[in-house]
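One structure below.
The values are calculated or read from the model by the stated rules, or taken from the named source; none is laboratory data. Bear in mind the structure is a predicted one, so any value in this text is a computation, not a measurement. Every residue, glycine among them, receives a Cβ derived from its backbone with ideal geometry; neighbour counts consider all protein chains shown. Side chains included, ligands, DNA and RNA excluded: accessible areas come from the protein's heavy atoms. Shrake-Rupley method; radii C 1.70, N 1.55, O 1.52, S 1.80 Å.
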Amino acid sequence: MSRLRLAVLASGRGSNLQSIIEACESGVLDARVVAVLSDKEEAKALEKASLYGIPAYWVNPRRHGKKEDYEKELLDIIRKYDVDYVLLAGYMKVLSSFFIENADVPILNIHPSLLPSFQGLNAHRQALDYGVRYSGCTVHFVDSGVDTGPIIMQAVVPVEQDDDEESLAARILKEEHVIYVKVIRLLCEGRIKCEGRKVKIIGEGDNG
Ligand code: GRF
């Protein structure tokens, strides 16, 4: 399989983006982040991409009246890079079915909860308010719902009695960096197969 070409959409700090770039640079992943796009001009993710010499685009949603036009601008850029996958890494806008249907490649997302619990915004707050003993993170394919697509991989962390959003988010984030890279590695190896809602990891027995 040739080196995977990845586009990343991010709205903020970009720590997942950075861990993916580093895994590409160090050879852990036979992949390359070829473009980073953001809806936020001030996103640190854009700065991080530029530091690594990766083309970084701020696409301003306000320039467009309709979401579809905004997403068309994103797609027009992404298409230039002939990507194999689009990865969402802290991208805070919900993609419409227009984007998903026209991307022509699978889209993945990382979410800081054990889906299907605590979808959408403020996942850490939701987990703390609910009183769960364990939370974690999920890498999943993106479908037209919010955090509802087929689950590829999850990691579990304990919720401690004295946790606040910050401490829980930090514990989960460490695992996010691990599982997103693991999933991309499986993609590089061609070992992820999606059958309806079920994702199979080839070579991993029943659990895969
Ligand atoms: C992560 O917690 C991710 O799960 C969520 O947004 C956050 C992004 O963090 N979707 P970063 O920008 O990758 O540091």
Relative contact order [Cα under 8 Å, 6+ residues apart], the chain, whole percent: 19
Percent of C-alpha pairs per 5 Å bin, the range 1-52, short to long: 5, 23, 32, 22, 11, 5, 1, 0
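Counting Lys +1, Arg +1, Asp -1, Glu -1, what net charge surrounds residue 184 among other residues with beta carbon under 14 Å of its beta carbon?
Values: positive: 3, 5, 32, 182, 185, 191; negative: 22, 25, 30, 84, 176, 189.
Surrounding charge for residue 184 is 0.
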Calculated from backbone phi, Karplus (6.51, -1.76, 1.60) coupling profile of the range 64-74 in Hz, x at Gly/Pro: 10, x, 9, 4, 4, 5, 4, 5, 5, 4, 4
Per residue Cα convex hull volume in Å³ - calculated over the range 1-105: 89
Set of lysines with alpha-carbon distance to residue 72 below 27 Å, sequence-local pairs under 8 removed: 40, 44, 48, 80, 93
Assigned charges on the beta-carbon of Lys, Arg, Asp, Glu; the range 1-105 dipole about Cα centre (debye): 220
Charge tally in the Cβ shell below 10 Å around residue 168, where Lys, Arg are +1 and Asp, Glu are -1, residue 168 excluded: -3
Dipole magnitude of the chain about its Cα centre (Cβ charges: Lys, Arg +1; Asp, Glu -1), debye to nearest 20: 440
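Determine the percent antiparallel among the DSSP beta bridges restricted to the chain, to the nearest 5. Don't skip to the end; give the middle numbers.
Values: 15 of 31 bridges.
Expressed as a percentage, antiparallel bridges in the chain total about 50.
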Linear extension gain, residue 13 paired with residue 104, 0.36 nm per residue minus alpha-carbon span: 30.0 nm
Most to least accessible of 19, 2, 38 (protein chains only, probe 1.4 Å): 2, 19, 38
Dimensions (Å) - the range 41-91, Cα atoms, principal axes, largest first: 32, 27, 17
Amide H within-cut-off set for residue 135, under 5 Å, with H built and near neighbours excluded: 157, 159
Cα-based equivalent ellipsoid of the chain: semi-axis lengths in Å, sorted from largest, via gyration tensor: 25, 21, 18
Residue of 15, 50, 26 that the Gaussian network model of the chain assigns the largest fluctuation, springs spanning Cα pairs under 10 Å: 26
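Can you give me the convex hull volume of the Cα atoms of the range 62-152, divided per residue and expressed in Å³? It would help to have the intermediate numbers written out before the result.
On the way: hull volume 9.0 nm³, N = 91.
Dividing the Cα hull volume of the range 62-152 by its residue count gives 99 Å³.
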At 1.002 mPa s and 20 °C, Stokes diffusion of the range 123-208 via Kirkwood alpha-carbon radius, µm² per second: 152
Cα-based reach from residue 67 at 13 Å (exclusive), listing aspartates and glutamates while leaving out same-chain residues under 8 positions away: 39
